[in-house]
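Let me begin by presenting the structure, written as structure tokens, before commenting on it.
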Amino acid sequence: MNRLSLVCSSLLVLLAACSEPESQSVSQPGQTESDAVVAVPASPAVPAPVVVYSSRQEHLIKPLFDRFTAETGIEVQYQTGEEGPLLARLEAEGEATFADVLYTVDAGNLWAAANKGLLAPIQSAVLEANIPAHLQDPANLWFGLSVRARTIVYSTDRVNPAELSTYEALADAKWRGKLCLRTSKKVYNMSLVGTMIERLGEPQTEEIVKGWVANLAAPVFSSDSLLIQAIAAGQCDVGIVNTYYLGQELQKDATLPVALFWANQGSNGVHVNVSGAGITAHAKNPAGAQQLIEWLSTAEPQAMFSELNLEFPATPAVSSVELVQSWGEFQQDTLNVEAAGRNQAAAVMLMDRAGYQ
Ligand SMILES: [Fe+2]
């Protein structure tokens, strides 16, 4: 039985993602780390596979892994699932984990994994050269691989973009009954508020969040897509979303009367976050893991992040697809995204005090 087969049999909630890849690695449940290091290829021509636990959807990661395998001969076995259960599982498995790489979205999640001791530092000249400093963990426990920008969207029917400026200004009484927000339970909003806490402090951030809540036109939304559709339908005039969701809606309907506005261009820049990866603390194939993460920071896969999910490459030298380019250049917040994780608990409590559901 190979490593991923055991992964599958040991976690029913993730069964949907299981497959039967061919691999030479063998281990048994309950083995210690040293026992389990029998993932020895039959010959040097068959390198050991890399096992990835990922919260990303399969259709976003499989093309990347297939390309990596085609170029290197290294097989990638992966498990997908929700961030929370995935991190809990990695923690519960401890030294016996099958995972070599954790690949997830949002610095808040990566920070949480690092904070639980689930990741090992990566010394890599390739990653240091390709990934800007604010998109990687200061202790190199994880590296951002794609950038997602969370900015303001507005109704092109009812809002003049000259009326827009900052996230903070959406708390003005001028937007009373006109703002839509996604639930505060989504990590994207925890990270946005977490970085505001870092920059503005808690009292000022709390006043802003209270202002947002006072301006809500509707109960909070469960997704950015529904929020964009609500603006198009006239339920509200402005909102805050990750840009790739607007891209997805525009790909379905190019006439959608919703546009994006790059927030905070006169000050700290647009709030950005990452999808990113780290090597697990008990990886059985750390060299393969590092090779995969380094490869993901290079030009070809960086362009694929834009093609597959309308995200931005983390590597500044790589350009985005046309739709994303049509949104124009923007200044991104260069505050290290690690602050989003470090301030996450404070952000959750603050949003609760402010009545942001
Ligand atoms: Fe998302």
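Annotations
- The chain - charge dipole about Cα centre, Lys and Arg +1 at Cβ, Asp and Glu -1, debye rounded to 20: 780 debye
- Summed over the residues of the chain and divided among them, the accessible surface reaches 40 Å² per residue at a probe radius of 1.4 Å.
- Inter-label distance for residue 218 and residue 125, nm, one decimal - labels placed 7 Å from Cα along Cα-to-Cβ: 5.4 nm
- Between residue 326 and residue 349, the modelled labels are 4.5 nm apart [label points 7 Å from Cα along Cα→Cβ].
- In terms of Cα atoms, the Rg and Dmax of the range 158-203 work out to 12.3, 33 Å.
- Share of carbon and sulfur in the accessible heavy-atom surface of the chain [1.4 Å probe, %]: 54 percent
- Between residue 202 and residue 82, the simple spin-label model (points 7 angstrom out along Cα→Cβ) gives 2.8 nm.
- Nearest-10 value in Å² for the accessible area of residue 220, using the 1.4 Å probe: 40 Å²
- Shape box of the range 187-257 [Cα atoms, principal axes, largest first, Å]: 41, 22, 18
- Overall Cα dimensions of the range 212-357 - principal axes, largest extent first, Å: 51, 39, 30
- Considered as an equivalent ellipsoid built on the Cα gyration tensor, the range 90-213 has semi-axes of 35, 17, 14 Å, the largest given first.
- Remark: accessible surface ordering of 59, 134 (largest first) is 59, 134, probe radius 1.4 Å.
- Between the helical axis of 243-252 and the longest alpha-carbon principal axis of the chain there is an angle of about 80 degrees.
- Between residue 233 and residue 299, the C-beta separation translates, for a Förster distance of 51 Å, into a calculated FRET efficiency of about 0.80.
- Between 0 and 90 degrees, the angle of helix 299-309 with respect to the longest Cα principal axis of the chain falls at about 60 degrees.
- Overall dimensions of the chain by Cα: Rg and Dmax, Å: 21.1, 69
- The calculated pair-distance distribution of the range 61-130 uses every alpha carbon pair, bins of 10 angstrom beginning at 0, and gives 16, 43, 37, 4 percent.
- Note on the range 207-282 and the range 155-202: Cα centroid distance 9 Å, given to the nearest whole angstrom.
The values are calculated or read from the model by the stated rules, or taken from the named source; none is laboratory data. What you are looking at is a predicted structure, and each value in this text was computed from that prediction instead of being measured. As a convention, Cβ positions derive from the backbone with ideal geometry for all residues, glycine included, and neighbour counts pool all protein chains shown. These accessible areas exclude ligands, DNA and RNA; they are computed on the full protein's heavy atoms, side chains included. Shrake-Rupley method; radii C 1.70, N 1.55, O 1.52, S 1.80 Å.
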